[in-house]
Amino acid sequence: MLKVSLDPSRRDLFVAGAGLAAGSATGGFASPEPVMIHVRNEGGGSFLPSLTRELEAVPLDRPVVIDFEPGEYVVDATGTSSRYLHVSNNDDGEKSIALLIEGRRNLLIKGNNASWRMSGQVVPLVILNSENVTVEDLTIFWDRPFHCEGDVIDVGEWGCTLSIPQEFDYEVREGKFHFLNEDTPSNIVKNMLEYDAERRETRFQVWDNFLRGYSPSGEMISRPYQVTALSSRRVRFEMDFKSTPLQGNRMLIMPASRNIPAIVIQHSRSVSLNNTSIYSAGAMGVIAQVSHDLDLRGLKIIPRSEKYYVSTGVDATHFVNCSGAISFKDCEFSNHIDDAINVHGIYLRIADVRSDGTLRLEHMHFQQQGVDMLRPDDIISIDDQYSLNPKEIGQVASLERIDARFLEVKTYGLQGNKVSVGDVVNNLSLQPDMKVNRIRTGRNRARGILVSTAGDAVIKNSYFHTPGTAIRISGGIDKWYESGPVRRVSMTSNHFDNCKYGVWGNAVVDAVAVDASENKDRSPYHGQLEMRDNTFSTFDGLLADLYRVKAFSFVGNIVEKTDAYPAFRDVEQPILSKDVGTQNLRSNTVRGFDPGYKAALSKV
């Protein structure tokens, strides 16, 4: 095993190209010839039992092509596999899985524009410990979504009355609203969120109305509400809304559970999703963790039709402690309940330091417990619990998981006397590059892209119409303990179209370090941020809000004022900065703003 002595001031050396070593998979199948498994659309009955038998009969290292006949396939619990999964930022538990790809190399799923119409609590696709897997031309949706929506037909000081369309299943019992998606009724309403019926997006400056949720430890937190069934498919919600709903708008009724993502990728490498569509899910659309080289082309996560305002129940896509490169091209994400793309690691808190140097580490959020994101030989940094700056860099020698919450790690290269209980551990070996080209995202709840990786991030030629921050560059020790920082983010030739019409985030682009309130260290947390040749169509004017950034460049951008939405605050400066190093603002074109605003974008 390699032993190292590492300098924490050169943390950047250990994230360039870090991660799993390059493999031999090329994306094409060499000899032997692949085994062809043809799936026929015979209507009625599940295709899963026969497909599973045929797949299990093929050696794991033999190339396989699963070829679907075009058409719609009903997928329920019949013939599913079962695994207990710890899925980061989702709910863990025993999952019924329609198609489980485990331990395989060289597999192609040819959807041929087939659709899987899911029924009930079934995860459509899980890829575990596999290499060179491609999914193409496949559509996934649930006929009966996990959430509910209702049209506002009456309002008052008491709340609002909703008319629930036929596409959603529910019932009212004992004054509570119950979601009915097949086999798992639930009365846990997490959030009520209003949508503008004309724009089909979250209402201007509307707030979440959280009724129930969880603390980071998993403790249930609730607010009182009362539901009354008035007549067929009409229900009255008596509760305090932060803003009075508008008659004619659509109201999202959001469940608290995150049980059923559409596609899960774990401990795998060289996975491609090509021309795949996801119209709904009971959690995230795509969630990948501890995986290497992921390619998403032509991925669509959008509502199934005009009957629905919402697609997936939380993030469209989410990536945790991956490596290599995560690439997006020609993708579309809209109307999902949370962010379009989130790429981050996990900070593990040091709960104890043993006399022999062993570190007892703790997952701080219950929806990250059990995720195995440390491995022997991984390079780690010990980051200060207040400033988040690296104190030491070392290497994992061995580890033992105590339970889902705790693990114990022996290390090389740490002096030990600098390590304190409360500091956090960041895995520098699992920091992917991120390549985003020609995506479209908007009309969702919250933000666009969240970037928290020390690899190189490039976001270009893309369109954003997000209610919150379009691009959030972050990392910190708040609720989720999602680790940063970024090293370099390049944002070029994008169109930011009237973003920030909602309440999530502060500017079109936010760069934040969620450090401790006691922190007095103002040294840079993030590295270099570049914004070049972008177009900002903005009714608001606040373009960027930056904190603890080493270098910021804003060059050659076009900023044009619009009247797409009313002003909701006074904005005097286009860019807010605190503890930012060098700034290069020049050669920008400004239209519709006063001279002072324009001058603020011409500072070098």
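The values are calculated or read from the model by the stated rules, or taken from the named source; none is laboratory data. Bear in mind the structure is a predicted one, so any value in this text is a computation, not a measurement. Heads up, the Cβs are rebuilt from the backbone with ideal geometry, glycines too, and the neighbour counts pull from every protein chain shown. The accessibility values were calculated without ligands, DNA or RNA, using every heavy atom of the protein model including side chains. Shrake-Rupley method; radii C 1.70, N 1.55, O 1.52, S 1.80 Å.
Cβ contacts < 7 Å: first residue on the phi > 0 side of the Ramachandran plot and touching a residue at least 60 places away in the same chain (Cβ under 8 Å), restricted to the range 354-380; second residue assigned to a loop (DSSP other than H, G, I, E, B) and surrounded by fewer than 17 Cβ atoms within 10 Å (Cβ to Cβ), any location; separation 6+ or different chain. Result?
Close Cβ pairs satisfying both conditions: 370/404; 377/1; 377/2.
Residues of the range 152-169 being buried (at least 19 other Cβ atoms within 10 Å of the Cβ) and either in contact (Cβ under 8 Å) with a residue 40 or more places away in the chain or of a type in the set (Asp, Glu) (or both), which ones?
Those that are buried (at least 19 other Cβ atoms within 10 Å of the Cβ) and either in contact (Cβ under 8 Å) with a residue 40 or more places away in the chain or of a type in the set (Asp, Glu) (or both): 152, 159, 160, 161, 162, 164.
Farther than 29 Å from residue 204 by Cα and either modelled with pLDDT of 95 or more or aromatic (Phe, Trp, Tyr) (or both), is that true of residue 541?
no
Scan the range 105-127 for residues that are more than 20 Å from residue 42 (Cβ to Cβ) and open to solvent by 10 Å² or more (accessible area, probe 1.4 Å) and jot them down.
Passing the criteria: 105, 106, 108, 121.
Let's see how each residue does on (1) within 30 Å of residue 78 (Cα to Cα); (2) at pLDDT 95 or above; (3) part of a loop (DSSP other than H, G, I, E, B); (4) among the aromatic types (Phe, Trp, Tyr):
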site	(1), (2), (3), (4)
161	no, yes, no, no
165	yes, yes, yes, no
179	yes, no, no, yes
185	yes, no, no, no
192	no, yes, no, no
199	no, yes, yes, no
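Scan the range 464-486 and tell me whether some residue there is out of contact with any Gly (no Cβ under 7 Å at 6 or more places or on another chain), under 30 Å from residue 397 (Cβ atoms), outside any strand (DSSP E or B) and open to solvent by less than 10 Å² (accessible area, probe 1.4 Å).
no
Do you know which residues across the range 414-463 are of a type in the set (Val, Ile, Thr), at pLDDT 95 or above and in contact with an Asp or Glu (Cβ under 9 Å, 6 or more places away or on another chain)?
Selection gives 421, 424, 425, 439, 441, 449, 453, 458.
Scan the range 503-516 and tell me whether some residue there is of a type in the set (S, T, N, Q), surrounded by fewer than 20 Cβ atoms within 10 Å (Cβ to Cβ), within 30 Å of residue 390 (Cα to Cα) and free of Cβ contacts under 8 Å to residues at least 40 places away in the same chain.
Looking through the range 503-516, none of the residues is of a type in the set (S, T, N, Q), surrounded by fewer than 20 Cβ atoms within 10 Å (Cβ to Cβ), within 30 Å of residue 390 (Cα to Cα) and free of Cβ contacts under 8 Å to residues at least 40 places away in the same chain.
Out of the range 270-286, which residues are of a type outside the set (Gly, Ala, Ser), more than 14 Å from residue 331 (Cβ to Cβ) and not in a strand (DSSP E or B)?
Listed by number, the residues that qualify are 279, 284.
So, restricting to strands (runs of 3 or more DSSP E) that lie completely within the range 39-141, which ones have at least 1 residues that are out of contact with any Phe, Trp or Tyr (no Cβ under 9 Å at 6 or more places or on another chain) and under 30 Å from residue 365 (Cα atoms)?
Qualifying strands (runs of 3 or more DSSP E): 81-85, 93-102, 123-128.
Go over the candidates 204, 146, 179, 210 one by one and state the one that is closer than 30 Å to residue 112 by Cα and within 26 Å of the chain's Cα centre (by Cα).
It is 146.
Of the numbered conditions (1) within 24 Å of residue 459 (Cα to Cα); (2) hydrophobic (A, V, I, L, M, F, W, C); (3) part of a loop (DSSP other than H, G, I, E, B), residue 564 satisfies every one except a single condition; which is it?
With respect to (1) within 24 Å of residue 459 (Cα to Cα); (2) hydrophobic (A, V, I, L, M, F, W, C); (3) part of a loop (DSSP other than H, G, I, E, B), residue 564 is out only on (1).
Do you know which residues across the range 214-255 are free of Cβ contacts under 8 Å to residues at least 60 places away in the same chain, open to solvent by 70 Å² or more (accessible area, probe 1.4 Å) and of a type in the set (Val, Ile, Thr)?
Residue satisfying the conditions is 221 alone.
Can you spot a residue in the range 522-536 that is open to solvent by less than 20 Å² (accessible area, probe 1.4 Å), in a strand (DSSP E or B), of a type in the set (A, V, I, L, M) and in contact with a Phe, Trp or Tyr (Cβ under 6 Å, 6 or more places away or on another chain)?
yes
The rows are residues; the columns are (1) crowded, with 24+ Cβ neighbours inside 10 Å; (2) not in a loop (DSSP other than H, G, I, E, B).
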{"site": "264", "(1), (2)": "yes, yes"}
{"site": "288", "(1), (2)": "yes, yes"}
{"site": "295", "(1), (2)": "no, yes"}
{"site": "304", "(1), (2)": "no, no"}
{"site": "326", "(1), (2)": "yes, yes"}
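Looking at 430, 361 in this structure, which one is in contact with a Ser or Thr (Cβ under 6 Å, 6 or more places away or on another chain) and open to solvent by less than 10 Å² (accessible area, probe 1.4 Å)?
Being in contact with a Ser or Thr (Cβ under 6 Å, 6 or more places away or on another chain) and open to solvent by less than 10 Å² (accessible area, probe 1.4 Å) holds for just one of 430, 361, which is 430.
Looking only at the range 562-569, decide whether some residue is touching a Leu at 6+ places or on another chain (Cβ under 8 Å) and either open to solvent by less than 60 Å² (accessible area, probe 1.4 Å) or without any contact (Cβ under 8 Å) to a residue 12 or more places away in the chain (or both).
Checking the range 562-569: not a single residue is touching a Leu at 6+ places or on another chain (Cβ under 8 Å) and either open to solvent by less than 60 Å² (accessible area, probe 1.4 Å) or without any contact (Cβ under 8 Å) to a residue 12 or more places away in the chain (or both).
Kindly list, by first and then second residue, each pair from a residue in the range 124-139 that is closer than 13 Å to residue 60 by Cβ and touching a residue at least 40 places away in the same chain (Cβ under 8 Å) to a residue that is hydrophobic (A, V, I, L, M, F, W, C) and open to solvent by 10 Å² or more (accessible area, probe 1.4 Å), limited to pairs with Cβ atoms under 6 Å and residues at least 6 apart or on different chains.
Short answer, once both residue conditions are applied: 131/25; 132/25.
Out of everything in the range 346-363 that is assigned to a loop (DSSP other than H, G, I, E, B) and more than 18 Å from the chain's Cα centre (by Cα), what residue ends up being nearest to residue 430 (Cα to Cα)?
Only one residue fits best here, namely 363.
Restricting attention to the range 549-569, report how many residues are basic (Lys, Arg) and either at pLDDT below 95 or closer than 28 Å to residue 205 by Cα (or both).
2
Name every residue in the range 567-604 that is assigned to a strand (DSSP E or B) and under 28 Å from residue 515 (Cβ atoms), in order of residue number.
Result: 575, 576, 577, 578, 579, 580, 581, 582, 583, 584, 585.
Can you tell me how many residues within the range 83-96 are open to solvent by 30 Å² or more (accessible area, probe 1.4 Å) and within 25 Å of residue 321 (Cβ to Cβ)?
5
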